[in-house]
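Structure incoming, see below.
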Amino acid sequence: MKKILVTGGCGYIGSHTIADLVENGYEVISVDNNSRSQPRILEGIEKITGKKVKNYKVDLCNFDDTFAIFQENDDIAGIIHFAAYKAVGESVEQPLLYFENNLVSLINLLKCVQEFNIPYFVFSSSCTVYGNPDEIPVTESTPPKPAESPYGYTKQMGEQIINEFSKANPTQCVLLRYFNPVGAHPSGMIGELPVGKPANLVPAITQTAIGKLPQMKVFGNDYPTRDGTCIRDFIHVCDIAHAHTLAMDFLILEKSEKRCEVFNLGTGTGVTVLEAITAFEKVSGKKLDYIFAPRRPGDVIAIYANNDYARGTLGWGIKYSLEDMMATAWRWEQRLKADEKFFQSKPAGLN
Ligand code: WQD
């Protein structure tokens, strides 16, 4: 069984990817300092897969502690790197926190990849690298525009660091550009655990619907779109997770002809904020209490993916619909309410 090291394994996309990797025959170890995640999410993975996953509670910004993991595990076949801060608004308020955390951790990890000759490296990137695109849908060769936030710059810089690293080392790399990951595992055992007040749309919807948050704000209804609200490419977190397993298969089966491959992970369908709310109301039977508010600085008007390359090269497909995304997100929110002490989120202000 090939062993994969997953950083940020207790996080939202990391935990769903671990479940998918294990169900597809990989052995997995996680590295997560739990500064913004809960180690208990690994119990959910065990309930889904029947397998215990070990987590090294290590900060990747500490080189010696990171290096020690590789000394203890000399059979790592590949790495999937999720661990990073990802709150767009926080990155604007605290840019140095984001540049230090997201880039020092990446560089430390790549130093270990080099030292221990790890053959394959998959990086969690984001559609935010496209900035405000001139044309949509975006393809992998759509030229990146200036990022809209320091968070976005850490993803653009991360891609450049990995690209140059792959030219100078034998390690083959894959960059996966997520669009808007939403929803939760259909089992109801794992899902998103926003820290503090959620910045993202779908947890804001579900927390408003369950009464955890007061009335929700829709940021801007005067955009040049079909209903005046922003357009995004919402994609189920399990479809995103499975793409990581396929990317690791793609590398291990030596199908990659490039030093560094890039794939868009989106459904290829643009959905407005209001259409997302309508889909939620349909599956939950709840009327969402929201008002229109001014536009949010840094929001791009519209973006969605051309996903032909990922579908054609990785054999990847979209399994979950927008309604599935909303239904699984809502089921998870209801589970959190029923089990509040099990999953209590950290105090607000840490998002
Ligand atoms: C989507 C739309 C908001 C909340 C960012 C990052 C991306 C990824 C996902 C990490 C926007 C509107 C939101 C609310 C609202 N990050 N909205 N009311 O900004 O597209 O993407 O998060 O993985 O890299 O860039 O996602 O969900 O924050 O916003 O009206 O209470 O929903 O204005 O138009 P975004 P989002």
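Rule-based calculations on the coordinates, nothing more; no lab input. Keep in mind the model is a prediction, meaning the values are calculated, not measured. Cβ sites come from the backbone with ideal geometry, for glycine too, and all protein chains shown count toward neighbours.
For region 196-351, what does the convex hull of the Cα positions come to per residue, in cubic angstrom?
Residue-normalised Cα hull volume stands at 153 Å³.
What's the lysine pair count for region 1-147 at a Cα cut-off below 24 Å, pairs eight or more apart or interchain?
So the count of such lysine pairs works out to 19.
How large is the translational diffusion coefficient of region 37-131 in µm² per second when you combine the Kirkwood radius over alpha carbon pairs with Stokes-Einstein at 4 °C and 1.567 mPa s?
This corresponds to a translational diffusion coefficient of 85 µm²/s.
Rounded to the nearest 500, what is the 222 nm mean residue ellipticity of the chain from helices alone, with -39500 (n - 2.57) per DSSP H run of 4+ residues and division by all residues?
For the chain, the value works out to -11500 deg cm²/dmol.
To the nearest 0.05, how large is the calculated FRET efficiency for Ser35 and Gln334 if R₀ is 41 Å and r is the Cβ-Cβ distance?
Approximately 0.90, to the nearest 0.05.
Distance in nm between label sites at Phe116 and Glu323, each 7 Å beyond Cα in the beta-carbon direction?
4.6
Report the Rg/Rh value for region 82-163, based on alpha-carbon coordinates and the Kirkwood definition of Rh.
1.00
In nanometres, what is the gap between the two model label sites at Asn24 and Leu96, each 7 Å from Cα along Cα-to-Cβ?
4.1
Quick one: length gained pulling Ile210 to Lys258 fully straight, 0.36 nm per residue minus the C-alpha distance?
This chain segment gains 12.6 nm when fully extended.
Give me the net charge for the shell around Asn24: Cβ to Cβ below 13 angstrom, other residues only, Lys and Arg +1, Asp and Glu -1.
My count for the surroundings of Asn24 gives -2.
Restricting attention to region 21-129, which trypsin sites (Lys or Arg not before Pro) occupy a DSSP loop and are surrounded by at most 16 other Cβ atoms within 10 Å?
Arg40, Lys51, Lys52, Lys57
Continuing with this model, one more query. Using +1 on the beta carbon of Lys and Arg, -1 on that of Asp and Glu, and nothing else charged, what's the dipole of region 3-344 about the Cα centre, debye to 20?
Rounded to the nearest 20 debye, it is 780 debye.
What span do the alpha-carbon atoms of region 169-281 cover on each of the three principal axes, reported in whole Å from largest to smallest?
Extents along the principal axes: 52, 37, 23 Å.
Can you give me the Kirkwood hydrodynamic radius for the chain, using every pair of distinct Cα atoms, in Å to one decimal?
20.4
What does a probe at Glu46 reach in region 1-29, counting residues whose amide N is under 20 Å from the point 7 Å along Cα→Cβ?
Within reach of a label on Glu46, which here means backbone N under 20 Å from a point 7 Å along Cα→Cβ, region 1-29 contributes 4-12, 14-29.
Using a Gaussian network model of the chain with C-alpha springs under 10 Å, which one of Pro144, Pro119, Pro294 is most mobile by mean-square fluctuation?
So, out of Pro144, Pro119, Pro294, the one fluctuating most is Pro294.
Another question, then. Using only alpha carbon pairs under 8 Å that are at least six residues apart, calculate the relative contact order of the chain and give it in whole percent.
Once normalised by length, the contact order is 20 percent.
Within the chain, what percent of beta bridges assigned by DSSP are antiparallel, to the nearest 5?
Bridges in the chain are about 5 percent antiparallel.
To make sure I understand the rule: partners must be lysines, Cα under 18 Å from the Cα of Lys337, and not fewer than 8 residues away in the same chain. Which ones qualify?
Within reach: Lys197, Lys212, Lys286, Lys346.
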